[in-house]
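Heads up: the structure comes next, in structure tokens.
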Amino acid sequence: MGRCSGLDFAHAISILEAFVSSGEIFQVVFFLGLVITLTPLLGGWMAKVFQGERQLLTPVLGWLEKLVYRLSRTNPTEEMTWRQYAGAVLAFNLLGFLALLGLQTGQAWLPLNPAGQSNVDLSLAVNTAMSFVTNTNWQAYSGENTMSYLTQMLGLGVQNFFSAATGIVVLLALIRGLTRRSAETIGNFWADLVRSTVYILLPLCFVLALVLVWQGVVQTFSAYPSATTLEGAQQVIPLGPAASQIAIKQLGTNGGGFFGVNSAHPFENPTPLSNFLEMLAILLIPTAIVYSYGVLVGNRRQGWSIYAAMFAIFLGGIALSFYAEYQFNPAQGGQNLLEGKEMRFGVANSVLWADVTTMTSNGSVNSMHDSLSPLAGGVALFNLLLGECVFGGIGTGLYTMLLFVIITVFLAGLMVGRTPEYLGKKIEAFEVKMAMIAVIAPSACVLILSAIACATDAGKAALTNAGPHGLSEILYAFASMSNNNGSAFGGLNAASPLYLWLGTLAMLVGRFAVIIPVIAIAGSLAAKKITPKSAGTFPTDGPLFVILLIGVVLIISVLTFFPALSLGPIVEHYLVQAGRTF
Amino acid sequence: MTTTAKSSSWINGPILRQALIDSFVKLDPRALWGNPVMFVTAIGAVLSSGVVLVDAIHGHFSPFVIQITLWLWFTVLFANFAEAMAEGRGKAQAASLRAARSQTYARRLRGNSEERVVAPELKLGDLVVCEAGDLIPGDGEVTEGIASVDESAITGESAPVVRESGGDRSAVTGGTRVISDRIIIKITAESGHSFLDRMIALVEGAARQKTPNEIALGILLVALTAVFILAVFSLPFFAWYSEAAAGQKNAVNVSLPVLLALLVCLIPTTIGGLLSAIGISGIDRLIRRNVLATSGRAVEAAGDIDVLLLDKTGTITLGNRMASDFIPAPGIKMERLASAAQLASLADETPEGRSIVVLAKEKFGIRGREIAAPQATFVPFSAQTRMSGVDMAPMDTHPATSIRKGAAENIRNLVESQGGTYPLAVAATVEEISRQGGTPLAVAEGREVLGVIHLKDVVKGGIKERFAQLRAMGIRTVMITGDNPLTAAAIAAEAGVDDFLAQATPEMKLARIREEQAEGRLVAMTGDGTNDAPALAQADVGVAMNTGTQAAREAGNMVDLDSNPTKLIEIVAIGKQLLMTRGALTTFSVANDVAKYFAIIPAMFAGLYALPDHGPFGPLMALNVMGLHSPESAILSAVIFNALIIVALIPLALKGVQYRALPAAQVLQQNLLIYGLGGLIVPFIGIKLIDLAIVALHLA
């Protein structure tokens, strides 16, 4: 059997040199350094908010928290069992779904519609409502010619907040499950929701929105103006209340753009500074919350260990992407792949953005991922397939990673000769069952729905690329929706009925087939005793565990998707190396 | 005590033969259903056989498909064989146990008359008579009489043991033989429910219920199987798409046998096939150490133990306090004290008494004198006086004297009541001995205090090292003793236990267990007396001594036939080893999959996207890192490796992975290196070697 040469060491060094000499590496290092620096600062404060303690913003916003409780007649100290908690999550999300559906399908008759958008079709409206309720923010439409200002603000914008807060709230339930002993209850859903929204999301968004407006992001209710171009053609310039929405879109790891081209649009992301700040905003809460976790479980090392595992996978993905983008490219005569990159920000910021948004469940784009090199595109795809556990969505990323922790502890924990434990809680049949359901459900969606798309003419008709890249487009679409990321590879007509309806299903399953098991695990763990730590306890902090966790996360994803990936980005990579394109 | 090693080799003729037969018997779908991973494998084998059959009808003959099919069947058979081997070994044990009870007749008491019935007809509460030479027909409690009983049939210990009514040695086991005297036994377990019956059922696998960890692991394996079913059966759709995209016909091989081969290679057949063998052999290992467990759950719980409650006497110390020193009072000669102490102890048959006689002889050559009544009247120890001694009649050499030895407090009262003085130095000595954990015995002659005998608990050799090992494994040891706190603390320090419970009563034991459990710890303890029963029942692992009462044996979830309290430490090790073996093989099984992908994926898509000027193979051949000969040989090698690894690991499953008493972090590191990293690397080598063999034999 013949073999092609793989990665070449000397070659890799030369790529690194090119990368360093371009100066872009310093941007990347500075960015990551800032993320790590901010982690404990924000994380420590967030932990206080989550525990309902008095903190910096209590004097400023305490009245708002109390007002919400009074209006909704909620008693924030009333405890819920896991079933009640899960019921509240589902009811709240169902309500959000229906409200968003109503706003879209009736927007023509509602106010704040200066552009005169017509009512949204039912299939698209259902898809979009599901998308924003599940924090996916997959967009099978372009905002500027589909949604009215009212829909954008009261519907999409509000769900941007609530879907993000839902992620935090579910995580908090899980943390209580881990820390309480022999308890029946896991906290109060409404109190968690209000605190996360009032103290964390609202103030951060307020500040970010102001900065973005300063940088040139639009924030207006006025109608789309018309302009005459130099050639004399008429051009309509879409505007809208974008800044407020973009702030939460990034901070809440939502990613649904105000405009169709998302963060590549100059009114969404006008300057290098706005680009930098938006990337920072995307990673801000998902990283900080891992630190908060360490504080909440009473052992910061536990938080940092998970952080280290996430960061290592994150760095690995970035390194591979940059390698792919900067290496010699036979199909392009040795040039960097510039097609589809956002030239205002450069190759590095396009690729970094692609990794940051696919690792976190943000899904906004500032360049077209379809045009990334096969391997970098493959990394973005693989990031989605990891199940959004590497920082991931706010709350969702950490609870997904904790599911992997449970699996890791179970797989390897037996090897120390004890019933596996995590933070003193025994991991038994129920937890394993729920964790596996939650890990498998999104993967099953990706594989089954992609297979359906491959097998049907409607599925293949939506493609714009032939060859292995077409398969990548299909896999990417379902990976994005099933894992509630919302990132679009591009090149796929997402508005066809097949993708709309299958996508709706994927987003539904990917969200709630994870959330419900997570809350169930929380309930089951809360009822257990906490075994005190001893020398016989499986250590869940320190380098050994970090390596183990990385190994399990990667191996589960690789084992599940290697066959599919081999026919998509992997074969395409080798083909491009051989100079063959489609 | 001897722990009999019953046929320690794991291979012997009859077991092997029976296991081979059972491998086929276990192909019964109802038997396979209990093991989902092997059930899926069997379905794969059936489907693949169907393909062979359909091919044959159409006159096709594919050696490749036939070989794949055969190896899929072998995979199932090998797994069955592993289970049958484990069961066979258990059955061999059970058979030898059962032989002890075959056709036992009982002499049942009906009022005053006796009747002869076969043992299985005995009911709960029946009274039976056993005399010298009779086999005891069932588990029971001696209600009348005392007898020596030969329990070698179940313990392997040839020295007879005493069983008597009342007290802590009243329980008898069915199948043992009375060798002297006559006892009446009340039957406490109905036929089929005796300890032996339960254990036989357990080792034969008939009553084997899955343990909690086994269930959890089973769920994980089912889930992994589901993942791979999805990954494998979605693959043809992607493959057909790629074929069309490449514009090549038949560039991919996603025929049913190949997909089945991929599926069976990926699903965790290694651990799936060996799981029940691991569980059965864990119980088997326990029986080899003469411990009977009522459930597999108890064995597993032993691995989780955080705290061991150990009785001081017999476990930590040799059981008896020994005289270690004589400390005379001021102005008294050492010889006089020794002589008087010996004299007072001559009739004292307790081990302490004997040790005083021996010490006096060893230290001063004072021989045991023949003295008897009417010269001397021995005063035995009583709980009221807390003293014992001797009253000597007046003789020519000396006047009438009375020598007493006993608790310092009582001697003091005795001496002072006679107008004597109790020297301060003696009081200081007494306190000093107590502080060191010894027991001081004061000796007085008349109203004169002669000095103090230092009685010392002798800690068993090597026990301190074992406790250190336990500590390294994260297990705390708590010594239970009736001694006062001072004594207890000293012995605890000498033996190296982590904590002690002094002046312990059964209620305190129970309270201590509850307390530990409330803090989330799992507790193990040993016990023998009836008053231990509540604590044994409360403990997560309660090991009753075989010499103990029936109540204790019923309350615990294990019985140690050797009645060796130290065995608890071994039981913990067996429990840990059981869990470690499962974890290690699961990790190994999952890690193996990586290599199998590198074998099969390039083989399936060998020609896909082949470039015109690059030969028949496409770019995915780059994944053929093992350089396997051909697509057929690659797939076949992976399937063969997958089947053979089960056989190769049977000895490991039966013996358990190597176990060392180390902290969890170190154990994890070692096992990860061996079974995780090893699991990644070994199949690359194994598949390559098999591929070379296949090519050499022209099989593909």
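The values are calculated or read from the model by the stated rules, or taken from the named source; none is laboratory data. Computed from a prediction, not measured in an experiment: that's the story for all the values here. For neighbour counting, all protein chains shown are included, and Cβ atoms are generated from backbone atoms with ideal geometry for every residue, glycine included.
A compact table of results
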| item | result |
| --- | --- |
| Test set (1) surrounded by 23 or more Cβ atoms within 10 Å (Cβ to Cβ); (2) within 18 Å of the chain's Cα centre (by Cα) - residue B:535 fails condition number | (2) |
| Qualifying residue in the stretch A:386-398 (condition: at pLDDT 90 or above, among the polar types (S, T, N, Q) and either within 21 Å of residue A:327 (Cα to Cα) or touching an Asp or Glu at 6+ places or on another chain (Cβ under 7 Å) (or both)) | yes |
| Helices (runs of 4 or more DSSP H) within the stretch A:149-230 that include 3 or more residues under 21 Å from the mean Cα position of the chain (by Cα) and buried (at least 21 other Cβ atoms within 10 Å of the Cβ) | A:158-179, A:202-215 |
| Pair list, Cβ under 7 Å, 6 or more apart: the stretch A:343-366 residue within 15 Å of residue A:252 (Cα to Cα), other residue among the charged types (D, E, K, R) | A:361/A:388; A:364/A:249 |
| Filter result for residue B:262 (within 14 Å of chain A (Cβ to nearest Cβ), surrounded by 23 or more Cβ atoms within 10 Å (Cβ to Cβ) and touching a residue at least 12 places away in the same chain (Cβ under 8 Å)) | yes |
| Residue under evaluation residue A:416, criteria (1) buried (at least 23 other Cβ atoms within 10 Å of the Cβ); (2) away from chain B (no Cβ under 11 Å), criterion not met | (2) |
| From A:451, A:466, residue being in a helix (DSSP H, G or I) and within 14 Å of chain B (Cβ to nearest Cβ) | A:451 |
| Any hit, the stretch A:283-290, residues being assigned to a helix (DSSP H, G or I), at pLDDT 95 or above and polar (S, T, N, Q) | yes |
| Residues that are touching a Phe, Trp or Tyr at 6+ places or on another chain (Cβ under 9 Å) and either of a type in the set (D, E, K, R) or within 18 Å of residue B:439 (Cβ to Cβ) (or both), drawn from the stretch B:343-355 | B:344, B:348, B:350, B:353 |
| Scope the stretch A:485-501; condition surrounded by fewer than 24 Cβ atoms within 10 Å (Cβ to Cβ) and in a loop (DSSP other than H, G, I, E, B); matching residues | A:490, A:491, A:493, A:494, A:495, A:496 |
| Tally of residues being within 14 Å of chain A (Cβ to nearest Cβ) and either among the charged types (D, E, K, R) or surrounded by fewer than 23 Cβ atoms within 10 Å (Cβ to Cβ) (or both) across the stretch B:682-691 | 2 |
| Near pairs, Cβ below 6 angstrom, 6+ apart or cross-chain, from the stretch B:208-224 (at the interface with chain A (Cβ under 8 Å from one of its Cβ atoms) and under 11 Å from residue B:35 (Cα atoms)) to any residue that is crowded, with 22+ Cβ neighbours inside 10 Å and not hydroxyl-bearing (Ser, Thr, Tyr) | B:219/A:432 |
| Residue match in the stretch B:641-662 (condition: at the interface with another protein chain (Cβ under 9 Å from one of its Cβ atoms), farther than 15 Å from residue B:582 by Cβ and in a helix (DSSP H, G or I)) | no |
| Any pair with Cβ under 7 angstrom, 6 or more apart, that starts in the stretch B:6-27 at a residue that is closer than 14 Å to residue B:86 by Cβ and ends at one that is among the β-branched types (Val, Ile, Thr) and modelled with pLDDT of 90 or more | none |
| Residue count for the stretch B:575-599, restricted to those that are β-branched (Val, Ile, Thr) and more than 8 Å from chain A (Cβ to nearest Cβ) | 1 |
| The stretch B:663-681 - residue that is at the interface with chain A (Cβ under 10 Å from one of its Cβ atoms) and small (Gly, Ala, Ser) and, of those, nearest to the chain's Cα centre (by Cα) | B:664 |
| Matching residues in the stretch B:392-419 - criterion: being over 46 Å from the mean Cα position of the chain (by Cα), at pLDDT 85 or above, within 20 Å of residue B:353 (Cα to Cα) and not polar (S, T, N, Q) | B:403, B:404, B:411 |
| Residue A:434, sole failed condition from (1) over 19 Å from the mean Cα position of the chain (by Cα); (2) within 8 Å of chain B (Cβ to nearest Cβ) | (2) |
| Only listed residue being within 24 Å of residue A:388 (Cβ to Cβ) and in contact with a Phe, Trp or Tyr (Cβ under 9 Å, 6 or more places away or on another chain), chosen from A:452, A:437 | A:452 |
| Residue list for the stretch B:542-574, filter: in a helix (DSSP H, G or I) and either farther than 28 Å from residue B:276 by Cα or within 14 Å of another protein chain (Cβ to nearest Cβ) (or both) | B:550, B:551, B:552, B:569, B:570, B:571, B:572, B:573, B:574 |
| Residue among B:272, B:247, B:303 that alone is more than 10 Å from chain A (Cβ to nearest Cβ) and either under 27 Å from residue B:573 (Cα atoms) or modelled with pLDDT under 90 (or both) | B:272 |
| Residue count, the stretch B:589-633 (criterion: surrounded by 24 or more Cβ atoms within 10 Å (Cβ to Cβ), assigned to a loop (DSSP other than H, G, I, E, B) and among the small types (Gly, Ala, Ser)) | 1 |
| Flag for residue A:569 being within 14 Å of chain B (Cβ to nearest Cβ), within 20 Å of residue A:453 (Cβ to Cβ) and assigned to a helix (DSSP H, G or I) | yes |
| Qualifying position, being surrounded by fewer than 24 Cβ atoms within 10 Å (Cβ to Cβ) and touching a Leu at 6+ places or on another chain (Cβ under 7 Å), among A:381, A:423, A:398 | A:423 |
| Residue within the stretch A:539-556 that is in contact (Cβ under 8 Å) with a residue 40 or more places away in the chain, touching a Lys or Arg at 6+ places or on another chain (Cβ under 9 Å), of a type outside the set (S, T, N, Q) and assigned to a loop (DSSP other than H, G, I, E, B) present | yes |
| Failed condition for residue A:376, given (1) touching a residue at least 40 places away in the same chain (Cβ under 8 Å); (2) within 13 Å of chain B (Cβ to nearest Cβ) | (2) |
| Candidates B:325, B:306, B:311, B:284, filtered to the one that is in contact with an Asp or Glu (Cβ under 8 Å, 6 or more places away or on another chain) and in contact (Cβ under 8 Å) with a residue 40 or more places away in the chain | B:306 |
| Residue A:98 under 28 Å from the mean Cα position of the chain (by Cα), part of a helix (DSSP H, G or I), among the aliphatic types (A, V, I, L, M) and exposed (fewer than 12 other Cβ atoms within 10 Å of the Cβ) | no |
| Single match in A:530, A:521 (criterion: of a type outside the set (Asp, Glu), in a helix (DSSP H, G or I) and buried (at least 18 other Cβ atoms within 10 Å of the Cβ)) | A:521 |
